[in-house]
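The values are calculated or read from the model by the stated rules, or taken from the named source; none is laboratory data. Since the model is a prediction, treat every value here as computed from it, not as a measurement. Don't worry about glycine lacking a Cβ; one is built from the backbone with ideal geometry, like all the others, and counts go over all protein chains shown. Quick note on the areas: whole protein, heavy atoms, side chains included, nothing else; ligands and nucleic acids left out. Shrake-Rupley method; radii C 1.70, N 1.55, O 1.52, S 1.80 Å.
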Amino acid sequence: MDLFYLSVSAIFVNNILLAQYLGNCPFLGVSKKLETALGMAMAVVFVTIMAAICTWAVFTYFLKPYGLEFLQTLSFILIIASLVQLVEIIMKKQSRVLYNALGVYLPLITTNCAVMGVALLVARKEYGFIEMLVFSSMSAVGFGLALIVFAGIRERLMISAVPQSLRGTSIALITAGIMALAFIGFQGMA
C-alpha cells in the first residue's frame, strides 16, 4: 500500500512540475501542440526513469560507500546528459518529424531540472530500488500528464477569444498557475 501512496503522491500531490515547479522550460516551450507535448512527455519519462536508475546505482554503490557524495551533482549531470544524447540519436533515426518538432527542447532535457530533481530526491530520501523505480516513473508520468493536459488547454486557448494583451506566454502562465492550484486540491489524498 505504501507504493500506491508513493505513486499517487508523485503523480498528483507532489507533482514535479506543478507542485514543485521543476522543468518549466519544456513545459512552456513544447506545450503549444499536443503532438510535441506527447513526444516530449515520452522522452522525459524515458530519460527520468533511466537517469534515476543510473544515478541511484552510482550513488548507492559508488559515491556513498566511498564518501564521495560531494560528486553527486556532477556525476548526475554527466549521466543525464549521456542519456539525453542517446534519446536524441534514437529519436533522430526513428522519428525525424518528432525530432524536428521538438527542436531545441530535446537537448534541453539535459538541463531539465525535473529530471535532475527526481534524481536528487531519490538520493536524498534514500529510497530502495523498488521505491526509486516507483517514485521516478510516477514523477515522470505526473510530468507527462501535466504537460499533455496543459498542451490540450493551450490548443483550446488558441481558438478561443483571449484578449490581445493576454495572448501567448501571459495566458500560458495564468493557465499554469490555475493548473497548479487545481493540483493542490490533491494534497488531502496522500
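Quick one: would you say PHE12 is of a type in the set (Phe, Trp, Tyr), under 20 Å from ALA140 (Cα atoms) and part of a helix (DSSP H, G or I)? Criteria met by PHE12.
Among the residues of the stretch 101-143, what is the count of those that are over 15 Å from THR73 (Cα atoms), assigned to a helix (DSSP H, G or I) and modelled with pLDDT of 80 or more? Matching residues across the stretch 101-143 total 16.
Can you tell me which residues in the stretch 144-172 are under 15 Å from PRO26 (Cβ atoms) and not polar (S, T, N, Q)? The answer is GLY144, LEU145, ALA146, LEU147, ILE148, VAL149, PHE150, ALA151, ARG154, ALA172.
Rundown of residues vs (1) within 17 Å of ILE90 (Cβ to Cβ); (2) open to solvent by less than 20 Å² (accessible area, probe 1.4 Å); (3) at pLDDT below 90, yes/no style:
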site	(1), (2), (3)
MET1	no, no, yes
ILE16	no, yes, no
LEU22	no, no, yes
GLU35	no, no, yes
GLY39	yes, yes, yes
VAL44	yes, yes, yes
VAL47	yes, yes, yes
THR55	no, yes, no
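Here ILE109 clears all of (1) crowded, with 16+ Cβ neighbours inside 10 Å; (2) out of contact with any Asp or Glu (no Cβ under 9 Å at 6 or more places or on another chain); (3) within 30 Å of SER170 (Cα to Cα) except the condition numbered (2).
Residues are listed down the side, and each one gets a yes or a no for (1) in a helix (DSSP H, G or I); (2) open to solvent by 80 Å² or more (accessible area, probe 1.4 Å); (3) more than 12 Å from ALA52 (Cα to Cα):
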residue: GLY67; (1), (2), (3): no, no, yes
residue: LEU71; (1), (2), (3): yes, no, yes
residue: LEU74; (1), (2), (3): yes, yes, yes
residue: GLN85; (1), (2), (3): yes, yes, yes
residue: MET91; (1), (2), (3): yes, no, yes
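From the list ILE53, ILE89, ILE79, the one residue that fits, being without any contact (Cβ under 8 Å) to a residue 24 or more places away in the chain and of a type in the set (Val, Ile, Thr), is ILE89. Taken over the stretch 24-33, residues that are open to solvent by 40 Å² or more (accessible area, probe 1.4 Å) and part of a loop (DSSP other than H, G, I, E, B) amount to 2.
Criterion first (outside any helix (DSSP H, G or I), on the phi < 0 side of the Ramachandran plot and not β-branched (Val, Ile, Thr)) does ALA161 satisfy it? Answer is yes for this residue.
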